[in-house]
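The values are calculated or read from the model by the stated rules, or taken from the named source; none is laboratory data. Small disclaimer: the values here were computed from a predicted structure and weren't measured. For neighbour counting, all protein chains shown are included, and Cβ atoms are generated from backbone atoms with ideal geometry for every residue, glycine included. Side chains are part of the model used for accessible areas, which takes the heavy atoms of the whole protein and leaves out ligands, DNA and RNA. Shrake-Rupley method; radii C 1.70, N 1.55, O 1.52, S 1.80 Å.
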Amino acid sequence: MNPRPLSGISEPGEQLRPRSQWGTIVVVYLSGVVAAMSLGKFSSVGPEVAARLGLSLAQLGWVISAVVGVGAVAGLPAGYLIRRYGTERSLVVGLGLIAAASAASVTAGDFGWLLAARIAEGVGYLLVTISCPALILRLAQERDRGAALSLWATFVPVGLGASTLAGGALGSALGWRGWIGLIAALTFVMVPAVWMRLPRGSARQTAAGPVPRARALTWPTVLAAAFCLTALVTIPVVVLLPTLLIEQHGRSVAGAGAITSVISLLGVLGGLAVGVLFRRGAPLALMAASGLLVVPAAWLTYSAGASLAATVAGAGVIALENGFLGALVFAALPLVLERLDHADVGNGVVAQAGSLGSLLGPPLFGLVAGGFGFQALVLVIAVGALAAVGALLLVSRAARRPASG
């Protein structure tokens, strides 16, 4: 991959920013973490919510997944909307919408009200998750972009992990309404904190360039397809791991939950590893090829007669690769954009694909495991992983890699 300049780079104030604005990048990252905490806030208090409001398991599932469902439907349109109104404004509006919808959830008395609040929250979450990487792309200098975007890719496991750990204790102490209200308050606090830290004056993006045409989105779409396939075959492994540990290995509910929590956090290490490797100039194709490890890991996890140690080790590798490949997608996106100011629309494509994979993966795995047994999932994972790695390898041939720092 020979370095060549990106055309039409639109970065106001670039001449005045010899260094990446890491302080602002961290604040933008934390806004994503808070949004992800809101995404997973019902997981730890789900049984209480269902009991208090009389929800069925299916209705509770809709409440939990509605936020991701919005992204699966509206990711690309949201990218164009953010392009029209600006990333800074969209981020602040998105955080405010999440906070307001969370506050509205506290007053919910039935399924309809709660679902409507979660859909509104999903719109805010989508605005945040598209705006943040586009902002980070402008705030980081070229040599730091891979590391900064790899850090961004860890916001979901960090936010979900924090929400799960805190929600269990605080949900018991405050009740589910108190816990949701606390998340709403935390998100409200982030709104002025982010607004005060965002670039001002000439450094703020006031107008975007030409709207990207379909051809300009060809390679971002291939990258998004790889992201969708990765989410489709890796996220359900962690989601369904407690069931596997309980049914196949006789673990208790508490034990299975503890093991799964630790394994899910391995995705954070995978994301951070991408940042380190990017800074060291590792070839994109070599990093993409690491996704092949998912195939033997799936065999370890689901093979007949697998020991507990083998299952945990295999699931750990898959969780690590989930974080690694997800971060690789975010870090590679600027390398396949025709213009850097296409990042909003490009992130919209990626967000929609990732949400689609996250939404469809668990029911697909449940259908296959229920009909053919857990062992049949090895083939599903192998096909999806090979296709994802193939797409990433194609992207690596088109990527314009900057010189290492």
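Taking the stretch 84-141 as the search range and keeping residues that are of a type in the set (Asp, Glu) and not in a loop (DSSP other than H, G, I, E, B), which one is farthest from ILE183 (Cα to Cα)?
Per the stated criteria, the residue is GLU88.
Tally up the residues in the stretch 84-95 that are open to solvent by 20 Å² or more (accessible area, probe 1.4 Å) and either of a type in the set (Lys, Arg) or under 22 Å from the mean Cα position of the chain (by Cα) (or both), please.
Qualifying residue count, the stretch 84-95: 4.
Has the stretch 329-349 got at least one residue that is among the small types (Gly, Ala, Ser), touching a Gly at 6+ places or on another chain (Cβ under 7 Å) and either surrounded by fewer than 24 Cβ atoms within 10 Å (Cβ to Cβ) or farther than 13 Å from GLY75 by Cα (or both)?
Yes, the stretch 329-349 contains a residue that is among the small types (Gly, Ala, Ser), touching a Gly at 6+ places or on another chain (Cβ under 7 Å) and either surrounded by fewer than 24 Cβ atoms within 10 Å (Cβ to Cβ) or farther than 13 Å from GLY75 by Cα (or both).
Hey, any hits in the stretch 142-153 for a residue that's under 28 Å from TYR80 (Cβ atoms), outside any helix (DSSP H, G or I) and under 13 Å from the mean Cα position of the chain (by Cα)?
Looking for residues that are under 28 Å from TYR80 (Cβ atoms), outside any helix (DSSP H, G or I) and under 13 Å from the mean Cα position of the chain (by Cα), one finds at least one in the stretch 142-153, hence yes.
What residue, of LEU356, LEU360, LEU393, LEU364, is open to solvent by 60 Å² or more (accessible area, probe 1.4 Å) and over 23 Å from GLY71 (Cβ atoms)?
LEU393
So, LEU320, is that one over 21 Å from LEU149 (Cα atoms), at pLDDT 85 or above, open to solvent by 10 Å² or more (accessible area, probe 1.4 Å) and part of a helix (DSSP H, G or I) or not?
no
In the stretch 236-251, what residues are open to solvent by less than 50 Å² (accessible area, probe 1.4 Å), touching a residue at least 60 places away in the same chain (Cβ under 8 Å) and not in a loop (DSSP other than H, G, I, E, B)?
PRO236, VAL237, VAL238, LEU241, LEU244, LEU245, HIS249
Among LEU300, LEU272, LEU293, which is in contact (Cβ under 8 Å) with a residue 40 or more places away in the chain and hydrophobic (A, V, I, L, M, F, W, C)?
LEU272
Just to be sure I understand the filter: pairs with C-beta atoms under 7 Å, separated by 6 or more residues or on different chains, first member in the stretch 119-146 and farther than 19 Å from TRP195 by Cβ and of a type in the set (Gly, Ala, Ser), second member at pLDDT below 85 and surrounded by fewer than 24 Cβ atoms within 10 Å (Cβ to Cβ). Which pairs pass?
Between residues of the stretch 119-146 that are farther than 19 Å from TRP195 by Cβ and of a type in the set (Gly, Ala, Ser) and residues that are at pLDDT below 85 and surrounded by fewer than 24 Cβ atoms within 10 Å (Cβ to Cβ), the close pairs are ALA140/SER20; GLY146/ARG279.
Select, from ALA36, ALA74, the only residue that is touching a helix residue (DSSP H, G or I) at 6+ places or on another chain (Cβ under 6 Å), at pLDDT 80 or above and small (Gly, Ala, Ser).
Matching residue, one of ALA36, ALA74: ALA36.
Restricting the search to the stretch 209-235, which residues are among the β-branched types (Val, Ile, Thr) and either at pLDDT below 85 or open to solvent by 60 Å² or more (accessible area, probe 1.4 Å) (or both)?
Correct list: VAL211, THR218, THR221.
Given LEU293, LEU377, which one is open to solvent by 10 Å² or more (accessible area, probe 1.4 Å) and either modelled with pLDDT of 85 or more or among the charged types (D, E, K, R) (or both)?
Among LEU293, LEU377, only LEU293 is open to solvent by 10 Å² or more (accessible area, probe 1.4 Å) and either modelled with pLDDT of 85 or more or among the charged types (D, E, K, R) (or both).
Take the stretch 252-275 and flag every residue that is more than 19 Å from the chain's Cα centre (by Cα) and either closer than 25 Å to ALA327 by Cβ or surrounded by 15 or more Cβ atoms within 10 Å (Cβ to Cβ) (or both).
Within the stretch 252-275, ALA256, GLY257, ILE259 qualify.
Looking for whichever is of a type outside the set (Val, Ile, Thr) and surrounded by fewer than 19 Cβ atoms within 10 Å (Cβ to Cβ) here; the options are ALA117, ALA103. Which one fits?
Just a single option satisfies the conditions, and that option is ALA103.
Name the residue, out of LEU379, LEU340, that is free of Cβ contacts under 8 Å to residues at least 12 places away in the same chain and more than 17 Å from SER264 (Cα to Cα).
Criteria check complete, one pass: LEU379.
Name the residues in the stretch 16-44 that are of a type in the set (S, T, N, Q), open to solvent by less than 20 Å² (accessible area, probe 1.4 Å) and outside any helix (DSSP H, G or I), would you?
Result: SER20, single match.
How many residues does the stretch 45-81 contain that are farther than 30 Å from ASP344 by Cβ, assigned to a helix (DSSP H, G or I) and either free of Cβ contacts under 8 Å to residues at least 60 places away in the same chain or β-branched (Val, Ile, Thr) (or both)?
10
Could you figure out which of (1) surrounded by 24 or more Cβ atoms within 10 Å (Cβ to Cβ); (2) modelled with pLDDT of 90 or more isn't true of VAL312?
Looking at each condition in turn, VAL312 falls short on (1).
Per-residue answers, yes or no, for (1) of a type in the set (A, V, I, L, M, F, W, C); (2) crowded, with 17+ Cβ neighbours inside 10 Å:
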residue: VAL49; (1), (2): yes, yes
residue: SER65; (1), (2): no, yes
residue: ALA74; (1), (2): yes, yes
residue: PRO77; (1), (2): no, no
residue: THR107; (1), (2): no, no
residue: THR129; (1), (2): no, yes
